[in-house]
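**Q** Sharing a structure below in structure tokens format, with a few things to ask.
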Amino acid sequence: MQNDEVKIHALRLKPGQDLKQEITSYLQQHKIEAGWIMTCVGSVTQYNLRFANQPEGSKANGHFEIVSLVGTVSINGSHLHMSVSDSTGATIGGHLLDSNLVYTTAEIVIGEGKQLVFTREKDGSTPWEELQIKPKQ
């Protein structure tokens, strides 16, 4: 689906693929400068998430349902958070890192704002590179 302002992308990942790496690759292939995750359902056999205010990621192996994947995405840098639940329904979430490996599938829908460009730059408001939103020239 596409109009002058928004384009919708849909992709399906297969077993063993790395969630973050595949999203990044898709963004590069389609030259997406201003996108967001609209929805994602699927499962992973390994998660790797950085929890709030922690310097390193935390990994676990098993069978986990993806219950949420949200964030802004761009060829200029992305910021993604994921929540997963285990077989008892216990849920954990954090900043998406590499090495989140698809179990059965990951069905992802990405929206693209055709009139915007997202970048990540230090702006003095925090010590990190934060989202900057600019009109497309």
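Every read-out reported here was derived from the displayed coordinates using simple, explicitly stated rules and does not represent laboratory data. If you're wondering where the values come from, they're calculated on a predicted model, not measured in any experiment. Reconstructed Cβ throughout: ideal geometry from the backbone, glycine too, with neighbour counts over all protein chains shown.
**Q** Please give the FRET efficiency for residue 99 paired with residue 136, using the beta carbon to beta carbon distance and R0 = 35 Å, rounded to the nearest 0.05.
**A** Values: r = 33 Å, r/R0 = 0.94.
About 0.60, to the nearest 0.05.
**Q** As a quick test, which of the pairs 14/122; 20/136; 14/134; 20/122; 31/122; 14/59 have an alpha carbon distance above 29 angstrom in this structure?
**A** Table pairs above 29 Å Cα-Cα are 14/122; 14/134.
**Q** Next up: Within the P(r) computed for the chain, what percentage of the Cα pairs occupies the region above 17 Å?
**A** The calculated P(r) of the chain puts 59 percent of pairs beyond 17 Å.
**Q** Residue-wise, which Karplus ³J(HN,Hα) couplings in Hz belong to the stretch 29-46, taking 6.51 cos²θ - 1.76 cosθ + 1.60, θ = phi - 60°, and x for glycine or proline?
**A** 4, 9, 6, 7, 9, 8, x, 8, 7, 8, 6, 7, 10, x, 8, 9, 9, 8
**Q** Once label points are set 7 Å from the Cα along Cα→Cβ at both residue 88 and residue 114, what is their separation, rounded to one decimal in nm?
**A** Computed distance between label sites residue 88 and residue 114 equals 5.0 nm.
**Q** Among 43, 127, 110, which residue has its Cα positioned farthest towards the positive end of the charge dipole of the chain, with +1 placed on the Cβ of Lys and Arg, -1 on the Cβ of Asp and Glu, and the dipole taken about the Cα centre?
**A** In the chain, that residue is 110.
**Q** Same structure, new question: I'd like the distance between the alpha-carbon centres of the stretch 122-137 and the stretch 1-79, rounded to an integer number of Å.
**A** 20
**Q** Restrict the search to the stretch 1-105; then list the GluC sites (Glu not before Pro) that DSSP places in a loop and that have at most 16 other Cβ atoms within 10 Å of their Cβ.
**A** Of the GluC sites (Glu not before Pro), the ones in loops of the stretch 1-105 whose Cβ has at most 16 other Cβ atoms within 10 Å are 5, 56.
**Q** Here's a follow-up. Assuming R0 = 22 Å, can you tell me the calculated FRET efficiency for the pair residue 8 and residue 68, based on Cβ-Cβ distance, to the nearest 0.05?
**A** 0.70
**Q** Taking the Cβ of residue 10 as the center, what net charge do the other residues with Cβ under 14 Å away carry, scoring Lys and Arg +1 and Asp and Glu -1?
**A** My count for the surroundings of residue 10 gives -1.
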